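Take a look at the structure set out below.
What follows is calculated from the coordinates using simple rules that are stated; it is not laboratory data. Just so it is clear, the structure is predicted and the values come from calculations on it, not from any experiment. As a convention, Cβ positions derive from the backbone with ideal geometry for all residues, glycine included, and neighbour counts pool all protein chains shown.
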Amino acid sequence: MNASSSDPAATTDPGRIVLLTTSHRVAPGLLSWPAWQVLRSADAVLCADGAHPQLPYLREAGTAVEETSPTAQELVDACAGGRTVVVVATGEGEPALTDGLARLAGSGRVSMPDLELLPASYDLPGARLLDLVQVMDRIRAECPWSSRQTHQGLAKYGIEEAYELVEAIEAGDREELREELGDVLLQVVFHARIAEEHPDAPFSVDDVAGGIVAKLVHRHPHVFGDEKAETPEDVKQHWLRTKAEEKRRTSVTEGVPLGQPGLALAAKLASRARTADLDVPLPQGEGIGYELLALAARAEADGVDPEAALRAAARAYRDAIRAAEGVGPEAIRAGRGDHRDAEAHPSPDTVGE
């Protein structure tokens, strides 16, 4: 750091600055090979944050790191004479330093070193899920409301968020879809965090993810194994066969949740019976329930989701009612916006909405 811009060598070779960035979502010490190469060959390695998580690993590897926060001019001077100086960036990315270097370069009065941005570690797809887990940990520990929640207390929100997700899908609203997927994901992470505290059978979000990964791999032998599947029907048969082997159920009705909406329940039962090649006549009886059962079974046989069909018809009916009231499409959209604005400031009864 004692080189001077008055050194004659600086006029021939201004040197090189390498800004080394890392991701906090990757374990410290797991750096790319180009990063290790430049660290080993550098004339100086600087870091403004003495608590940077990479520093212990760099020093363990034999890389001397100077804890300092140079100005832009000091850094340029340190590179004079063809020296390479690596700056291990903090989480903020050193904006003050880079802005200062930009001002020096723009002045035209300084012979600037080469400036290289070298990502030493990258976020993999799904890396932001780690942030969600960390945020959930803190909320569970510090929020007076969230810290007291139970699986039972949150159950209703899982149902509400699932319905709102379906509504966003059917409305074709991409922004709403992204938000609702996040709300559903929150429910998964929240429940998994609560589950960690169970005294007898704890599990974590990693256990949840590991379980579904194992299930997907096992149920896709045509992707991860030697089975062949040429059509969606082949895939369905693989899925049903492996699922039957896993569950070893005595009835095709096992695993059908009776708490789901009636039309969906009726269609699911009809689908299970049809898939199993069971010729079971629909029960006969008086009343609208048996008529709806027959309609749901007929819809399922025709490849129609009766719940979705009824919701589409209900939306058309809602629009007709609003038209009769003189409420136009703009007011309907504004009403939906008001609904989302209210959810932006949830009470404990609307968490995750």
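Here are the numbers for the structure shown:
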read-out: 0 to 90° range, to nearest 10: angle between helix 95-107 axis and the chain longest Cα axis; value: 50 degrees
read-out: Karplus (6.51, -1.76, 1.60) ³J(HN,Hα), θ = phi - 60°, over region 200-208, in Hz, Gly and Pro reported as x; value: 9, 9, x, 8, 10, 5, 5, 5, 4
read-out: Hz values of 3J(HN,Hα) by residue in region 289-297 - Karplus curve (6.51, -1.76, 1.60), Gly and Pro given as x; value: x, 5, 5, 5, 4, 5, 5, 5, 5
read-out: Candidate aspartates and glutamates for bridging to Lys243, where Cα separation is under 13 Å - those fewer than 8 sequence places away on the same chain excluded; value: Glu254
read-out: For region 8-119: relative contact order, % (alpha-carbon pairs under 8 angstrom, 6 or more apart); value: 47 percent
read-out: Percent RCO, i.e. relative contact order, over the chain, from Cα pairs under 8 Å lying at least 6 residues apart; value: 14 percent
read-out: Of Ala27, Gly50, Ala299, farthest towards positive along the dipole that unit charges on Lys, Arg, Asp, Glu beta carbons give the chain; value: Ala299
read-out: Order of Phe224, Phe190 - criterion: other Cβ atoms within 10 Å of each residue's Cβ, fewest first; value: Phe224, Phe190
read-out: Residues Trp239, Trp145, Trp33, sorted so that the one with the fewest Cβ neighbours within 10 Å comes first; value: Trp33, Trp145, Trp239
read-out: Extension gain, Val135 back to Asp319 (0.36 nm per residue minus Cα-Cα distance, nm); value: 62.2 nm
read-out: Given charges at beta-carbon only (K, R positive; D, E negative), |dipole| of region 14-67 in Debye; value: 200 debye
read-out: MRE, 222 nm, helices only [DSSP H, n ≥ 4, -39500 (n - 2.57), over the chain, to nearest 500]; value: -17500 deg cm²/dmol
read-out: Calculated FRET efficiency for the pair Glu170/Asp279, C-beta based, R₀ 35 Å, to 0.05; value: 0.55
read-out: At R0 = 51 Å, FRET efficiency that the Cβ-Cβ distance of Ala301 and Ser69 yields, to 0.05; value: 0.10
